[in-house]
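Here's the structure, in structure tokens; my notes come after.
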Amino acid sequence: MTSTGTFSIDAPGDAARAAELRRVKALATLVLAGTLALFVTAKALLHVHPAFGFVAAFAEAATIGGLADWYAVVALFKRPLGLPIPHTAIIQSNQHRIAEKLGEFIEVHFLEAAPVEAKLRQIDFGSFVADWLRDRKRSDDLARFALRLLPEALSATETSGLMTFITRRITTQLQEINLAPLAAGTLRGFVEEKRHQGLLDDILRVVHQSLTQPETMAVIREKIRDELPTLLKLYRADKFLVNRIVASATTFFEEVRNDPQHPFRGEFNGMLLSFVDRLGSDRAFADRLDGLKRELLARPELGDLARNIWSNTRSFIERSASGETQVLQQHLAGMFVKAGEALAADSELRAEINQGLVAVLRSFIADQKSGVSSFIADQVKAWDMGQLIALIEINIGKDLQYIRFNGALIGGLAGLSLYTLEYLLRLL
């Protein structure tokens, strides 16, 4: 059926079915004509032998039965012989009522919550998605399709003002973040997980390496030399002191790094925990962090950096969409394939997806089923009934024509039975 409410009778086999329908119609009409001719002939020969009375009774009743069933079949679709007989052309005359009842029937019996949910639960949406994504070609096509849409989506984001709205929302949310409790909680977890000990080892290593650099030792020696009396300078006491300081520091650093229970580590723990407590409770610290945050967010360099990142990202996506580079497409396709493989291996996740989709689709169908009913009714009302009837006749008309055969046979047998009973009663 097309959008204008007309049907196209060109489905495979329609021509053959139409030819078969014409053949059966002609045969049924021929049977009717034959019973009528037989009735006339038997009536004419009734004086020859009483047996012709039985033949005439059969033929008469068969003709009447055939005519009655012809009328019933024709009246279903059109007016017999074009006559305005009441209660004929039933389908055409009741098109709107049939449309309303069909829509109502589908809404009540096909779109009820229980049968819809039962049918939806038979579908494994999760497995379907997993199998679809695991197919490399499909994932490539999906990645290519997504990349084609991205440049337009980015342009729409910019021109519609959505980017400005998002930027303002992000900035507002960042401004509202209270850094002090967040920083205190992060540092406390850092200490509780003993990750600060590795940081201490790294600090000691860096300090030791810096202290043993010739340039550093020369600077320290100069500072010491400036503070020493002239007599000690003559004995090069500055070099001795620098060497002793570096040696003592090296020994200390090695002891701390090699001893997990070294007292200095406890001191370092206490210092950090004290700082964490102060950070979480001291309003001065909180105000200072908040000020630093606001100064950072107000810096023009941050806006320039964001715009530069956005510009580079958009340029990369546009080049990927045009096929100039395949990196992003391959990455997306690989990500889709891995997602499909992970979904195929996770039965619990598939079950959750199925359950979620069943709930969503069930609710959607429940909300839209009245609209579906109205849509079906409107479509049926807009149908060209002449073409619809032709389509129905092509598909079930052959079976309807056999009603005419049955009517002639059953009518004839009924007439023969009644005539026989009448004949026997006359003999008594």
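Pro86 - would you say it is part of a loop (DSSP other than H, G, I, E, B) and without any contact (Cβ under 8 Å) to a residue 60 or more places away in the chain? Even if it seems obvious, please write down each step before you answer.
Numbers: part of a loop (DSSP other than H, G, I, E, B): yes; without any contact (Cβ under 8 Å) to a residue 60 or more places away in the chain: yes.
Answer is yes for this residue.
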Self-check item: Failed item, numbered, when Glu318 is tested on (1) among the acidic types (Asp, Glu); (2) surrounded by 13 or more Cβ atoms within 10 Å (Cβ to Cβ); (3) modelled with pLDDT of 85 or more
Solution: (3)
Quiz item: With respect to Gln330, is the statement that it is surrounded by fewer than 18 Cβ atoms within 10 Å (Cβ to Cβ) and either at pLDDT below 80 or outside any helix (DSSP H, G or I) (or both) true?
Solution: no
Practice problem: Being over 42 Å from the mean Cα position of the chain (by Cα) and either assigned to a helix (DSSP H, G or I) or closer than 30 Å to Glu324 by Cβ (or both) narrows it down to one of Ile203, Ile166, Ile170, so name that one. | Solution: Ile203
Quiz item: Is it true that some residue in segment 250-258 is under 30 Å from Ala180 (Cα atoms) and open to solvent by 70 Å² or more (accessible area, probe 1.4 Å)?
Solution: no
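Take Arg121 and tell me if it is loosely packed, with under 14 Cβ neighbours inside 10 Å, at pLDDT 80 or above and under 30 Å from Ala342 (Cα atoms).
Details: loosely packed, with under 14 Cβ neighbours inside 10 Å: yes; at pLDDT 80 or above: yes; under 30 Å from Ala342 (Cα atoms): yes.
Yes; evaluated as a whole, the condition is true for this residue.
Please state which one of Gly340, Gly371, Gly356, Gly411 is modelled with pLDDT of 80 or more, in contact with a Lys or Arg (Cβ under 6 Å, 6 or more places away or on another chain) and part of a helix (DSSP H, G or I).
Gly340
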Self-check item: Pairs with Cβ under 6 Å, 6+ apart, first in segment 47-69 and over 14 Å from Leu409 (Cβ atoms), second open to solvent by less than 10 Å² (accessible area, probe 1.4 Å) and in a helix (DSSP H, G or I)
Solution: Phe52/Ala42; Val55/Ala42; Ala56/Ala42
Quiz item: Among Glu393, Glu352, Glu341, which is closer than 30 Å to Ala37 by Cα and of a type in the set (Asp, Glu)?
Solution: Glu393
Exercise. Using the structure shown, decide if Gly303 is among the small types (Gly, Ala, Ser), in a helix (DSSP H, G or I) and within 21 Å of Glu176 (Cα to Cα).
Key: yes
Quiz item: Can you name the number of the only condition in (1) out of contact with any Pro (no Cβ under 9 Å at 6 or more places or on another chain); (2) surrounded by 12 or more Cβ atoms within 10 Å (Cβ to Cβ); (3) part of a helix (DSSP H, G or I); (4) in contact (Cβ under 8 Å) with a residue 12 or more places away in the chain that Leu111 fails?
Solution: (3)
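Tell me which residues, restricted to segment 404-417, are open to solvent by 70 Å² or more (accessible area, probe 1.4 Å) and touching a residue at least 60 places away in the same chain (Cβ under 8 Å). First the steps, then the outcome.
Let us first name the residues in segment 404-417 that are open to solvent by 70 Å² or more (accessible area, probe 1.4 Å), namely 406, 409-410, 413, 417.
Within segment 404-417, Asn406, Leu409, Ile410, Leu413 qualify.
Which of the residues that make up segment 273-293 are open to solvent by 40 Å² or more (accessible area, probe 1.4 Å) and in contact with a helix residue (DSSP H, G or I) (Cβ under 7 Å, 6 or more places away or on another chain)? If you could, list the steps in order and put the result at the bottom.
First, pick out the residues of segment 273-293 that are open to solvent by 40 Å² or more (accessible area, probe 1.4 Å): 273-275, 277-278, 280-284, 287-290, 292.
Within segment 273-293, Leu273, Arg278, Gly280, Leu289, Asp290 meet the criteria.
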Quiz item: What is the one condition in (1) assigned to a loop (DSSP other than H, G, I, E, B); (2) at pLDDT 85 or above that Asp69 does not satisfy?
Solution: (1)
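So which of Thr29, Thr35 ends up being hydroxyl-bearing (Ser, Thr, Tyr), assigned to a helix (DSSP H, G or I), out of contact with any strand residue (DSSP E or B) (no Cβ under 9 Å at 6 or more places or on another chain) and open to solvent by less than 60 Å² (accessible area, probe 1.4 Å)? Break it down stepwise before answering.
Details: Thr29 fails: open to solvent by less than 60 Å² (accessible area, probe 1.4 Å).
None of the others qualify; the one that does is Thr35.
For residues in segment 260-272 being open to solvent by less than 60 Å² (accessible area, probe 1.4 Å) and without any contact (Cβ under 8 Å) to a residue 60 or more places away in the chain, which is nearest to the chain's Cα centre (by Cα)? So that I can check it myself, show each step before the final result.
Within segment 260-272, the first condition is being open to solvent by less than 60 Å² (accessible area, probe 1.4 Å), and the residues that meet it are 262, 265-266, 268-270, 272.
With the extra rule that they be without any contact (Cβ under 8 Å) to a residue 60 or more places away in the chain, the set shrinks to 262, 266, 270.
Numbers: His262: 60, Gly266: 57, Gly270: 55 Å.
Looking at the filtered set, the residue picked out is Gly270.
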Exercise. Being out of contact with any Gly (no Cβ under 8 Å at 6 or more places or on another chain), under 25 Å from Val108 (Cα atoms) and open to solvent by 30 Å² or more (accessible area, probe 1.4 Å) is the filter here, so list the residues in segment 379-403 that pass it.
Key: Lys381, Ile392
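Could you please let me know if Arg362 is part of a helix (DSSP H, G or I) and either touching a residue at least 12 places away in the same chain (Cβ under 8 Å) or within 53 Å of the chain's Cα centre (by Cα) (or both)? Working first, answer last.
Details: part of a helix (DSSP H, G or I): yes; either touching a residue at least 12 places away in the same chain (Cβ under 8 Å) or within 53 Å of the chain's Cα centre (by Cα) (or both): yes.
Here the answer is yes, as Arg362 does meet what is asked.
Can we say Pro80 is of a type outside the set (Asp, Glu), within 30 Å of Leu391 (Cβ to Cβ) and within 52 Å of the chain's Cα centre (by Cα)? Can you show your working first?
Working: of a type outside the set (Asp, Glu): yes; within 30 Å of Leu391 (Cβ to Cβ): yes; within 52 Å of the chain's Cα centre (by Cα): no.
Criteria not met by Pro80.
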Quiz item: Got at least one residue in segment 295-303 being closer than 20 Å to Arg195 by Cα, open to solvent by 70 Å² or more (accessible area, probe 1.4 Å) and at pLDDT 75 or above?
Solution: no
Exercise. Considering each residue of segment 339-361, count those that are over 15 Å from Phe128 (Cβ atoms) and either open to solvent by less than 70 Å² (accessible area, probe 1.4 Å) or among the hydroxyl-bearing types (Ser, Thr, Tyr) (or both), and give that number.
Key: 2
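The values are calculated or read from the model by the stated rules, or taken from the named source; none is laboratory data. All figures in this text were calculated on a predicted structure; none of them were measured in a lab. Cβ: placed from backbone, ideal geometry, glycine included. Neighbour counts: every protein chain shown. For accessibility, only protein heavy atoms count, side chains too; no ligands or nucleic acids. Shrake-Rupley method; radii C 1.70, N 1.55, O 1.52, S 1.80 Å.
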